[in-house]
Amino acid sequence: SYFYAILHSGKEKNMENKEKIVLKDGTQIEIENGAIENRIQTVIQNFSELEELYEKFTEENLENYIIQNASGLTCATIENKRLDDIRVKKVDTFYLVTFNLVDVDMLEKRVAMLEESQKELKESQNIQDGAIDDLGIMVSDLASVNDVDGGEN
């Protein structure tokens with residue numbers, strides 16, 4: 001959804017005159033002009049808008065995003081950021097929200113990915129081990145049935 005900036009005079013300013021951030025998932029958010037790589041500001045009217053915005057600033061969405069100028073031209077393509085903190089300041093009839101971003105520690109990210117991959121592998125191995133145990137029980141049961149029958153088929 002689009003957010004509208006409210007000027008100090010209280011009049012709405014059309015988004016066409018504002019920069020915007022386009023997140024990895026395609027979400028477009030109007031931002032205050034002059035955004036920098038580690039600080040993005042936007043205007044909200046209420047805190048339900050803040051919750052909606054916060055949910056969009058995921059590490060996945062900040063893996064790759066762009067900042068576009070008011071004409072829709074790409075000013076910057078930014079990668080591998082994460083949300084560090086949010087600051088909210090009441091200004092007249094609206095709130096100015098600052099999203100402070102930091103670089104993702106790529107080594108930490110790779111280790112986390114390896115740990116997750118290892119966890120998935122272990123879960124898969126546990127399922128396979130359970131299936132082998134079940135097969136062993138079935139074979140044992142069949143062997144004991146054959147022994148009761150005298151081993152004849």
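What is the sum of charges, Lys and Arg at +1 and Asp and Glu at -1, for the other residues whose Cβ falls under 15 Å from the Cβ of I86? Please list the in-between numbers first.
Values: positive: R39, K56, K81, R82, R87, K89, K90; negative: E32, E49, E51, E52, E55, E59, D84, D85.
Value of the local net charge: -1.
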*Counting only pairs 8 or more places apart or on different chains, how many lysine pairs in region 42-113 have C-alpha atoms closer than 22 Å?*
5
*Run the quick spin-label model on I137 and D85: label points 7 Å from Cα toward the beta carbon, then report their separation in nm to one decimal.*
5.5 nm
*Take F47, F99 and order them by how many other Cβ atoms sit within 10 Å, fewest up front.*
F47, F99
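With +1 on each Lys and Arg Cβ and -1 on each Asp and Glu Cβ, and nothing else charged, work out how big the dipole of region 90-153 is about its Cα centre, in Debye to the nearest 20. Let's see the in-between values first.
On the way: 5 positive and 15 negative charges, 137 e Å.
Using only the charged Cβ atoms, the result is roughly 660 debye.
Which is the longest run of the chain containing none of the trypsin sites (Lys or Arg not before Pro) found in DSSP loop states (not H, G, I, E, B) with at most 16 other C-beta atoms within 10 Å?
On the way: sites that count: K11, K24.
Between the exposed loop sites, the longest stretch runs 25-153.
For the chain, how big is the tail of P(r) above 27 Å, as a whole percent of Cα pairs?
Pairs farther apart than 27 Å: 46 percent.
Return L50, L73 ranked ascending by Cβ neighbour count within 10 Å, so the fewest neighbours appear first. Show your work: numbers first, answer last.
Details: L50 16, L73 8.
Final ranking by Cβ density, sparse to dense: L73, L50.
Arranged from highest to lowest average of other beta-carbon atoms within 10 Å per residue, in what order do the peptides 131-143, 58-70 appear?
Details: 131-143: 10.0, 58-70: 15.9.
Output ranking for 131-143, 58-70: 58-70, 131-143.
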*Cβ under 10 Å from I67's Cβ, I67 left aside: what net charge do those residues give with Lys, Arg +1 and Asp, Glu -1?*
-1
*asked:* If I model a spin label at S124 and I66 as a point 7 Å from the Cα along the Cα→Cβ vector, what separation in nanometres do I get?
replied: 3.6 nm
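Read the figures in this text as sums done on the coordinates, not as results from a lab. No experiment lies behind these values; they were computed from the predicted model shown. Using ideal geometry, Cβ is built from the backbone for each residue, glycine included, and neighbour counts are taken over all protein chains shown.
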